[in-house]
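Quick notes on the structure that follows.
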Amino acid sequence: MEHREAWITAVSDLLAGYLFKGTDDRFETQGRDQLALQLGRCFDQRRPVRLILPGFPCKSPNAIDQTFGVLPDYGEFMAIERLDQMGQAIAALHEPGCVVSILSDGTTFNDIVGVSDDVRAAYNQALRELCTTHTIEWISMEDLFPQAQSAEAVRASLVKQARLPWKNLGDLIEQSRHDEALGRTHDNLCSHLYNDLRLCREDGQSEDEYLQQINYKAYQMMLRGQALNAAVDRFFPDDIRLSVHQYSNAGPKFTVGLAEGLSRVDSPWHAVPVCNLD
């Protein structure tokens, strides 16, 4: 028992070093206990520590403020290298090893943000060719829904199989008008689509029409985001859930920093790495 507890503490401390911690971080007060339960099962069953990270979807369509191209660059390389280092460090403490599964989830949203399926698929393929590591396993949405014959069919299967509490997008929109938490999520997504992605306005579209379009796209992202969460829970029920989005690290999701020394949550598909030569 003493060895078991010491191992859980060692792996938890190691993982904690890779987390992004905000001002309201609750890893020590809550998340560590949540993580210990999952690690304890890995130890008792002598199975690999498995972590799942949805991310690496496609490059942001905002080529003015955020990206230089549509394919992976050195930002992705650094992020993958960091995740592999984390996995190898855990494997060094655990004989059954460690698997870091990255679910490249671009198919979930790429049509909403104006990235074509061909461009998203090229990004995903380039990631797989870039990633020759010891611990990382690449998974795409197409891998989860192999019967789907197209990207649109994958998205339809994702939502259909999620068993969400809303029958359709209209039901979600209606509930969001009365649910404070859903309303906040929608407003945050609107801000992201308008200020960060800066989606292209269609020719002849007025400001009001553009804002209405952003409003609708945010609801679409909410619905599919909930469906993606359901899919991750269904396909990876025993994996430790990592995230590229800001959480308090209370669990079950833990925010991983994809680069060292970040002052805010950031990802290589929304940013460009800069080398400081001095």
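Odds and ends about this structure:
- In the chain, the calculated helix contribution to ellipticity at 222 nm averages -15000 deg cm²/dmol per residue, counting -39,500 (n - 2.57) for every DSSP H run with n ≥ 4.
- Using the Cβ-Cβ distance between residue 92 and residue 260 with R0 = 22 Å, the FRET efficiency computed as 1/(1 + (r/R0)^6) comes to roughly 0.70.
- Sequence-distant lysines (8 or more away, or on other chains) whose Cα lies within less than 19 Å of residue 253: 21
- Rounded FRET efficiency, nearest 0.05, which uses the C-beta distance separating residue 153 from residue 130 and R0 of 30 Å: 0.65
- Local charge for residue 195 was computed over the other residues whose Cβ lies under 13 Å away, with Lys and Arg +1 and Asp and Glu -1, and equals -2.
- Cβ-Cβ FRET estimate between residue 77 and residue 168, R0 fixed at 51 Å, reported to 0.05: 0.80
- Exposed-site-free run, longest, the chain (rule: GluC sites (Glu not before Pro); DSSP loop; at most 12 other C-beta within 10 Å): 1-201
- In plain terms, the chain is cut at each of the trypsin sites (Lys or Arg not before Pro) found in a DSSP loop with at most 14 other Cβ atoms within 10 Å, and the longest leftover piece is 47-162.
- Mean Kyte hydropathy of -0.5 or more with a Cα span along the axis of at least 18 Å, helices from DSSP in the chain: 2-16, 74-93
- Of the labelled figures [x] 1.04; [y] 1.23; [z] 0.99, only one reflects Cα Rg over 2.2 N^0.38 Å as derived from the coordinates, namely [x].
- Between residue 37 and residue 6, the simple label model (points 7 Å from Cα in the Cβ direction) yields a spacing of 2.7 nm.
- Rounded accessible area per residue of the chain, 1.4 Å, Å²: 53 Å²
- Percent RCO, i.e. relative contact order, over the chain, from Cα pairs under 8 Å lying at least 6 residues apart: 31 percent
- Local net charge near residue 154, Cβ-Cβ under 12 Å (Lys/Arg +1, Asp/Glu -1): -2
The values are calculated or read from the model by the stated rules, or taken from the named source; none is laboratory data. What you see is a predicted model; the values in this text were computed from it and never measured. Heads up, the Cβs are rebuilt from the backbone with ideal geometry, glycines too, and the neighbour counts pull from every protein chain shown. For accessibility, only protein heavy atoms count, side chains too; no ligands or nucleic acids. Shrake-Rupley method; radii C 1.70, N 1.55, O 1.52, S 1.80 Å.
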